[in-house]
Each structure stands twice: as structure tokens, then as C-alpha cells.
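To start, the structure under review is shown below, and the notes come after it.
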Ligand SMILES: Nc1nc2c(ncn2[C@@H]2O[C@H](COP(=O)(O)OP(=O)(O)OP(=O)(O)O)[C@@H](O)[C@H]2O)c(=O)[nH]1
Ligand SMILES: [Mg+2]
């Protein structure tokens with residue numbers, strides 16, 4: 001080879017990952033950079049660009065991008081891919097790592113040809129080749145490489161097979177060529193491409209490299225027929241959801257009991273060992289009571305996450321989206337809103353972001369507005385606490401646990417309210433004449449056996465995030481709250497509880513009249529304030545407020561559940577539940593809504609609307625239940 005023609009290999013470089021949705025780009029990204037970005041078996045998981053650095057060489061940057069079928073695109077998430085490529089975000093990538101789904105080459109080839117037109121250096125990872133092989137599909141990688149003029153490597157990103165080879169080939173690509181790529185010129189070139197000619201070229205390549213057509217196995221078709229059936233499919237969906245809530249309750253109980261026991265003994269031990277005084281009080285009533293009351297819910301949250309991960313990885317979720325498309329279309333949404341709304345059950349922040357996959361701006365906005373009503377996992381501790389305190393733990397109709405059913409009902413309340421709100425918004429928009437309905441066009445991924453290692457590592461990532469929050473945010477809030485509830489201390493000869501004289505006590509009494517029609521106690525009013533940082537903090541705050549209020553060493557073993565049981569009454573408990581079905585009391589959700597809608601006015605309207613709804617619903621619930629019980 002002529003060494004003089006070799007491009008210089010300066011060390012620093014940037015590569016971009018491009019490919020159709022759901023072909024494994026993010027798995028490859030995680031494999032090359034050691035990151036833990038979200039992966040799932042449906043299209044549209046990655047909606048923004050994400051940067052990492054090669055584990056083997058920190059000077060090489062890699063950008064993960066949303067999946068796209070073509071560089072000539074319109075939806076906001078797909079445009080990101082093209083803009084990165086054309087250097088609109090600062091640096092131009094030095095080369096492309098294009099990922100192709102070996103089981104569905106047709107969907108990727110078009111973009112590969114567009115990339116070829118731009119003349120950027122490119123390595124192609126022919127991914128999911130394990131699935132292709134198991135379905136008897138043969139692709140001639142060598143021929144494909146000749147036709148596209150780029151290295152083609154077979155990979156199984158999920159088990160890291162072939163990943164090193166991709167890295168090596170990427171590092172060997174000539175660099176510095178993109179500096180010559182003029183964005184305006186590139187866009188002109190892309191516009192000039194003739195769709196029909198591209199289509200013919202794709203079919204021509206396919207006929208030369210794919211030796212057998214993919215046929216789905218018989219069990220796959222049978223499974224599809226059942227889960228997509230209007231009646232049986234719906235029944236299966238409901239059964240799965242019910243099973244998840246039952247599991248959250250029945251499986252978690254023993255572990256929860258032992259965690260509770262552990263914190264009780266820890267509190268007693270610290271109380272008995274340390275001399276009575278401020279430090280002992282801070283540790284027992286502030287730190288241990290606060291953190292312990294949240295950590296108790298770790299088993300339930302782990303089980304919920306595990307189910308979500310399994311459903312995500314199997315390929316079932318988008319099928320549920322199709323199933324619900326009809327139902328959703330009555331509310332003015334489409335099946336496309338289903339995935340963002342579904343991720344809301346974990347957390348509204350990624351949900352609001354993934355609404356970017358929705359093209360229609362009105363539908364996107366409505367999805368963002370109703371996402372906070374779907375029960376996120378941070379609300380689980382609040383629900384769980386109150387359910388344990390006021391709903392008897394008994395079996396009904398022979399199989400169902402009453403507490404599990406109540407939780408199911410709360411989730412259902414969120415879902416129905418979200419649907420109703422969307423419907424009202426559609427009705428309002430229709431009177432202005434701007435409701436468009438787009439048919440759902442979404443590719444169904446094939447069913448796959450969830451990857452065990454992937455499930456375990458992702459589960460651990462999420463559990464770790466929960467623990468870190470408990471250890472940092474919740475810990476510090478507990479300490480601050482303990483200080484607010486302990487100072488100033490009661491004056492000599494005071495008759496009331498010490499907390500009544502503290503700053504927090506005063507604040508609580510001050511706000512309480514506003515929430516009196518909802519039946520909230522002043523302790524609840526105090527606890528709601530730090531809950532704005534993160535919802536699960538509410539429970540920790542209640543733990544601290546009531547522990548300090550009790551003012552005895554055995555406050556922790558007097559765990560929250562009996563306190564709520566004795567002090568609140570059913571009406572107050574139900575009204576608090578209703579409040580949290582709606583209240584958008586979470587700073588990160590509001591911040592992401594502001595960022596995604598780029599409008600302070602919209603953010604304010606959504607916040608105010610949800611708060612008003614929370615207030616009215618909680619009041620109705622309180623006023624009705626207090627007359628019944
Ligand atoms: N069997 C198998 N599964 C894979 C392989 N690579 C990825 N997957 C699975 O394919 C699904 C999609 O992977 P992602 O990395 O999220 O795909 P993506 O291309 O980033 O998708 P978008 O972000 O939606 O564009 C996940 O369920 C992965 O576990 C592979 O080589 N073999
Ligand atoms: Mg991705």
C-alpha cells in the first residue's frame with residue numbers, strides 16, 4: 001500500500017452510531033464505552049444524542065443516536081441524527097459506525113446508500129446475526145461489503161461478539177475527511193437522491209447478498225395472533241398487569257419485614273448505646289427513621305422494575321401499543337403515545353423526553369401533559385405506606401389480595417384520569433378545528449428471549465440509582481427536616497408537644513388551613529414541602545416528623561404504618577392518595593417539561609392544571625369518605 005496516501009491518525013476522533021431503530025445501536029454503544037444507556041426491544045428508545053468515550057482509548061468519542069431510516073427526515077428525534085452528521089452540534093464525526101439489523105436488512109440499506117453518497121468513512125456492524133442465524137437467514141457479508149464499499153462485520157452486540165472487531169475497524173478508518181463536508185452541499189446531495197432509484201438499488205443489493213428470505217417460526221405467528229387478538233389480547237394484557245401488582249405485594253412482604261426489623265433494631269441499638277442528647281436524637285429520629293422508611297420499599301420497587309425490564313426486552317410492549325391504538329384514538333392520541341406513557345410508570349422524566357417520537361405537535365403536547373398522572377415508581381412508597389396502614393391485608397374472591405387490588409385501582413385511577421384529560425383536550429382542540437389523527441405506523445420487533453445478563457445489569461443500575469437517592473437526597477432531607485422539627489426547642493414549662501414550637505411546626509400550622517378541606521394534618525403539610533424534590537422523600541419526611549413528634553427512643557419501632565393507621569383516619573388517607581395520583585410535585589418532571597416544550601407558559605399551565613386537579617379530587621374524596629366512615 002502507498003504509505004504516503006495514508007491519512008494521518010491524530011489520536012483524538014469522534015465516531016457516530018447510525019442505523020434503523022431497534023437494531024442494537026445502544027447495546028453496541030454501551031459495549032464500546034462502558035456506559036449504561038437504556039436499551040429495550042422496541043423502536044424509539046434513544047431520542048437524543050448521547051456521548052461516550054471508548055473504554056480502550058479515552059480520546060475517541062462515540063455518539064449514540066436515535067434510530068432513523070433515512071437522513072431525509074422530519075420528526076424531531078430523527079433530525080438529531082442528521083444534524084449531528086452534518087456537524088450542526090459543533091464537531092463533525094470523523095467516521096460512521098453504521099448498525100444494520102441482519103434480520104431486516106431492507107430497512108437499513110436505504111440509509112447506508114445515503115451515507116455512501118456523502119462519502120463519509122463507514123464501518124458496518126451487521127448486528128443481531130445470532131437471531132438471523134437461528135432463523136436460517138444467510139447474508140453474504142463479503143458481497144455486501146463490496147457493494148457498499150465499506151467493511152461489514154457480523155456482530156452479536158448483546159454478547160459482545162464482534163464488538164472488538166468493529167472497534168478495530170473504526171479506529172483504522174481515515175480521519176479528518178469530514179472537515180471537507182460542507183453541510184449545505186451535503187443537504188443538496190441528499191435532496192437530489194431519487195427515492196425510486198434508491199429503492200431499486202436496495203432491492204438489487206438484497207437479491208445479491210441475502211440467500212434465504214426470513215420466515216418467522218410458526219410459534220411466533222401463533223403467539224402474535226393471540227396477543228394481538230382484540231379480546232384475548234386484552235385479557236392477556238390485563239392479566240399481566242394484575243399479576244405484576246400481585247407480585248409487588250405478595251413477593252415483597254417477607255423481605256420488607258426483615259428490612260423493617262433491621263432498621264428497628266438499628267434504631268434501638270443506637271438509642272441504647274449513645275448517651276441521650278442531640279446526636280442520638282439526630283441519628284435515631286432523623287437519619288434512621290427517615291432513610292429506613294424509604295428503604296423498606298426497595299423490594300417492591302425491584303420487583304416492579306424487573307417486570308418492566310422483562311416486558312421491554314421481550315418485544316411485547318409495542319404489541320400492546322397496537323392493541324390499545326383503537327382505545328387511545330378515542331382520546332385523540334394514538335398507539336405512538338403508548339410507549340412514552342408506559343415509561344411514565346417508571347418515571348415521568350424519560351417519558352416526557354420520549355414523546356419526541358410523536359410527530360403531531362398537539363399529540364406530543366397532550367402526551368407530555370398527561371404523563372405525570374401515570375403512577376411513577378417514586379409514588380409507590382407513598383401508596384404502599386397508606387395502603388398498609390388503612391387497607392386490611394386479606395384475600396378476596398379466593399385469589400386476590402385486597403391490598404394488591406387497591407394498588408391496581410390507584411394505577412387505574414391514574415390511567416383513567418389521563419385518558420379523560422386527553423379526551424377533554426381533544427374536545428377543546430376540536431372546537432378550534434385542529435385535531436388531526438395519524439394512523440399508527442410502527443414496526444413490530446420480533447419476540448425474543450429476554451437476555452438474562454442484560455436484565456440483571458439493568459436492574460442493578462436502577463436499584464443502585466434508588467439507593468443513591470435514598471443515601472443522598474433522602475438522607476439530607478431527613479437531616480434538614482429533623483433540624484427544622486427540633487429547633488427552636490419547647491420553652492420551659494410548655495405543655496404541648498415539642499414539635500409544635502419548632503420552625504417546621506409553625507410552618508405546618510401556617511399551611512394547614514389551605515389543606516383543611518382535604519383533611520390533611522399539619523404534619524402532612526410539612527412532609528409535602530420536601531416532597532417537591534422527589535416524591536419518595538414524602539415518606540421519609542413523614543417518618544422524621546412523626547418520630548420527632550413522638551419524642552421517644554422507641555419512635556422508630558413505632559414505625560409509620562401504625563401511626564398513619566391511628567392518626568389519620570380513612571378519609572384523610574384516601575384524600576392523600578387522591579392528591580398524589582395527580583399532584584405534579586416533582587421538580588425534575590417540571591424541569592424536563594420546560595425543556596421539552598421550550599415554553600414557560602405551557603409548563604405553568606400543566607403544573608397549575610395538575611395542582612388544581614389534585615386539590616379538587618382530594619377534596620371530593622375527603623368530603624365523600626368522611627361522611628361514609
Ligand atoms: N439477540 C440479540 N439481541 C440484541 C442484539 N443487539 C441488541 N439486541 C437487543 O435488541 C433490542 C434493541 O437494542 P437497542 O440497543 O435498544 O437498539 P437501538 O438501535 O439503540 O434502538 P433505538 O434507540 O430505539 O433506535 C434490545 O432488546 C437488545 O437487548 C444482538 O446482537 N442479539
Ligand atoms: Mg438506542
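Taking the criterion of being closer than 28 Å to residue 366 by Cβ and buried (at least 19 other Cβ atoms within 10 Å of the Cβ), the residues of region 277-310 that qualify are 304, 305, 308, 309. Looking at 40, 35, can you tell me which residue is in a loop (DSSP other than H, G, I, E, B) and within 9 Å of ligand 2 (Cβ to nearest atom)? Matching residue, one of 40, 35: 40. Looking only at region 49-75, residues that are within 14 Å of ligand 1 (Cβ to nearest atom) and either under 21 Å from the mean Cα position of the chain (by Cα) or in a loop (DSSP other than H, G, I, E, B) (or both) come to 13 in all. Restricting attention to region 76-109, the residues that are within 16 Å of ligand 2 (Cβ to nearest atom), assigned to a strand (DSSP E or B) and either more than 27 Å from the chain's Cα centre (by Cα) or closer than 24 Å to residue 364 by Cβ (or both) add up to 1.
Filtered by the rule that a residue be in a helix (DSSP H, G or I) and either at pLDDT 75 or above or surrounded by fewer than 24 Cβ atoms within 10 Å (Cβ to Cβ) (or both), region 545-557 gives 545, 546, 549, 550, 553, 554, 555. Which members of region 342-353 meet the condition of being crowded, with 24+ Cβ neighbours inside 10 Å and modelled with pLDDT of 80 or more? Residues satisfying the conditions are 344, 348, 351, 352.
Residues in region 508-536 that are in a helix (DSSP H, G or I) and over 20 Å from residue 474 (Cα atoms): 509, 510, 511, 512, 513, 514, 515, 516, 517, 518, 522. Could you figure out which of (1) without any contact (Cβ under 8 Å) to a residue 24 or more places away in the chain; (2) away from ligand 1 (no atom under 14 Å from the Cβ) isn't true of residue 133? Just one mismatch for residue 133, condition (2). Residues of region 110-130 that are within 17 Å of residue 196 (Cβ to Cβ) and either within 16 Å of ligand 1 (Cβ to nearest atom) or not in a helix (DSSP H, G or I) (or both): 110, 111. Candidates are the residues of region 236-260 that are more than 25 Å from the chain's Cα centre (by Cα) and surrounded by fewer than 13 Cβ atoms within 10 Å (Cβ to Cβ); the one that is modelled with the highest pLDDT is 258.
For the residues 368, 386, the requirement of being touching a residue at least 24 places away in the same chain (Cβ under 8 Å), farther than 30 Å from residue 251 by Cα and either in a helix (DSSP H, G or I) or within 23 Å of the chain's Cα centre (by Cα) (or both) singles out 368.
For residue 46, indicate whether it is within 12 Å of ligand 1 (Cβ to nearest atom) and either modelled with pLDDT of 90 or more or touching a strand residue (DSSP E or B) at 6+ places or on another chain (Cβ under 7 Å) (or both).
Answer is yes for this residue.
The values are calculated or read from the model by the stated rules, or taken from the named source; none is laboratory data. Treat the numbers as computed from the prediction; the structure is a model and nothing was measured. Cβ: placed from backbone, ideal geometry, glycine included. Neighbour counts: every protein chain shown.
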